[in-house]
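The values are calculated or read from the model by the stated rules, or taken from the named source; none is laboratory data. Because the structure is a prediction, the values reported are computed rather than measured. No Cβ is skipped: glycine too gets one built from the backbone with ideal geometry, and neighbour counts run over all protein chains shown. Please note that ligands, DNA and RNA were not included when accessible areas were found on the heavy atoms of the full protein model with its side chains. Shrake-Rupley method; radii C 1.70, N 1.55, O 1.52, S 1.80 Å.
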Amino acid sequence: MKKKYAWLLALSLVLSMFLAACSGGDKDTADKDKKPADDKPEVEQVLNFINGDTIPSMDPSTATDEYGFQFLGATMEGLYRLDEKGLIAEGIAKEHKVSDDGKTWTFTLREDAKWSNGDPVTAHDFVYAWQRAVDPNTGSEYGPYMMGGVIKNATAVNKGEVPVDQLGVKADGDFTFVVELENATPYFESLTTFGTFLPLNQKFVEEKGDTFATSADTLLANGPYKFATWTSTANEWDLVKNETYWDAKTVKLEKMHYVVVKDPQTAVDLYEKGEVDRAGLSSDLVDQYSTHDDYTVEPDTSVFYMKLNQTKNPALKNVNVRKAISRAFDKQALVDEILNNGSIVANGLVPKDFVSTPDGKDFREVSGDLVKYDVAEAKKLWEQALTELGTKEVSIEVLGGDSEVSKMMNQYLANQLSTNLPGLKVTLKEVPFEQRLELDTAMDYDIQIAGWGPDFLDPYTFLNLWLTDGGNNMMGFSNAEYDKLINETATTLAQDQDKRYENFLKAEKVLFDDAAIAPIYQRASALLVSPKVQGVFTNAFGATYEYKWASVGAEE
């Protein structure tokens, strides 16, 4: 996310991200005396959702954000997907074999998978899509980031050093897909569930040209749902069941309706009116609704932090400035008072309850608290930094989101920093989600409040973000020791889990010794959820929600 990763996982701030909902339609009002007493009217299988913003991109090769990957996950399917328990399950691939050295993966594809236009989904669709993702002419961020160092020649192709047909993928007939890896990759199977690795229908993509993935008419689906209405600037859209999906019999929902809402109060108002059946709560609303029968807290593995850009503002090149900033704000007060939604303080990068070390201990517990709130230490580091810079004042701009919750947090952090670090002047720049992604890509910010949701089940999904010149670094951080430790986990140590995790633990410490980022919190969401919502699952990585098995239950 996630990214997501994406998310990157580049993410919009809490609560307004994905506020899912469902509502039943009008019930049959025919003469009930003509029906048996236990004959209940059929429930309309329609969900109504609130989304935190527009969708920046529905092109698997160029999507970089949680919104894009959420809807790619709903409308498309790769080699594998996540099931109801968050485990890797059959997708377009029925099975695979791995060579003894772990470098060659051979996938057997199902022959009954179709695109929404009726074309079969074949191995050629995967070859085309994966080549397109690393082709330098595509301009993908995630292609080279996700495939570089994993798929054979991906980095060389992206740099223009070898032709795109030298990427380590090939079709052995229509339904056998063969992948060659640079090195054995322990998490490769989980990678295949992610949006960047989805197939594409080459004929359709090339026919649509520059208009591809800009509207419902210029998209093809091969997953549980498809867009009925949508444009790239839409604030409202519909997804409907994809009848050509190979497992359509499992899909119960007929329609999902989405509308963009950024204000939590508006979301709750819609919930109270019965127009949506799930709504996220801001801190003030939690106090009001925490005793409500429909109240629930949903944990998450997304981590939020401040990116400290070392390329734009000279002051942020100073390590003591960065160290002071990372210790100068009260995180516990932020999660208790500003968020108030179950989120917890983050004193590292890899989240709690995400992965375990080879001996079965939670990674976060083993790595410990690497940077904590400490005003006295922050002031000491700040004074040292000002002396080194030869100044008494520093001005810094903080880039953040424009949702109501985001604005409250932005203002809180700005106040904490300017109060606890005398001589620091903080200004805020609050922009819509898509604009923040653009500013991040251009590295046009001083400090950015951002976050990351895991893309696959491995610490690498968080720790490879900060490799020198990495596709998601975008803040000028570079540390040779860090690069060596992380690169070894994907190369020489790829098949030695004990040593891989030793490197991960060392690298996370290096990251915070260098004060590359300032961790803030690990997200959770406080929600009102109607008991009518059934079969909606939260993923530990990749797309936030899984709706393949979703349904609307009958009202009691």
Give the residues of region 150-182 whose amide nitrogen is closer than 17 Å to a point set 7 Å from the Cα of Arg110 in the direction of its Cβ. 175-177
Count of lysine pairs in region 448-556 with Cα atoms under 20 Å apart, counting only pairs 8 or more residues apart in sequence or on different chains? 5
Could you compute the net charge surrounding Tyr187? Neighbours are other residues with a C-beta less than 12 Å from the C-beta of Tyr187; K and R count +1, D and E count -1. -2
Averaged over all directions, how much area does the convex hull of the C-alpha atoms of region 128-220 cover when projected, in nm²? 6.4 nm²
Would you mind telling me the share, in percent, of accessible area of the chain contributed by carbon and sulfur at probe 1.4 angstrom? 45 percent
Rounded to the nearest Å, what's the spacing between the alpha carbon centres of region 492-556 and region 381-429? Just the number, please. 29 Å
When ligands, DNA and RNA are left out and all protein chains stay put, how many square angstrom of accessible area per residue does region 453-554 have with a 1.4 Å probe? 31 Å²
Spin-label pair Glu481/Asp217, simplified geometry with 7 Å Cα→Cβ offset, distance in nm: 5.9 nm
Based on alpha-carbon atoms only, what is the radius of gyration of region 380-449 relative to the globular estimate 2.2 N^0.38 Å? 1.22
For the chain, what is Rg from Cα atoms divided by 2.2 N^0.38 Å, rounded to two decimals? 0.98
So if each residue of separation counts as 0.36 nm, and I subtract the Cα-Cα distance between Glu95 and Ala248, what length gain in nm does that give? 53.1 nm
According to the square roots a ≥ b ≥ c of the eigenvalues of the Cα gyration tensor, what is the shape class of region 426-556, taking rounded for a/c under 1.5, prolate for a/b larger than b/c otherwise, and oblate for the remainder? oblate
Region 27-184: Rg/Rh from Cα coordinates, Kirkwood Rh? 1.15
Determine the calculated [θ] at 222 nm for the chain from helices alone, applying -39500 (n - 2.57) to every DSSP H run no shorter than 4 residues and normalising by the residue count; nearest 500 deg cm²/dmol. -7500 deg cm²/dmol
Want the number for Ser290 to Lys255: 0.36 nm per residue separation, take away the alpha-carbon distance, what's left? 9.6 nm
Per residue, how big is the convex hull of region 222-311 when only Cα atoms are used? Give it in Å³. 214 Å³
First select every other residue whose beta carbon is under 11 angstrom from the beta carbon of Arg364; then total the charges, Lys and Arg +1, Asp and Glu -1. -3
So what does Arg278 come to for accessible area, using a 1.4 Å probe and Å² rounded to 10? 10 Å²
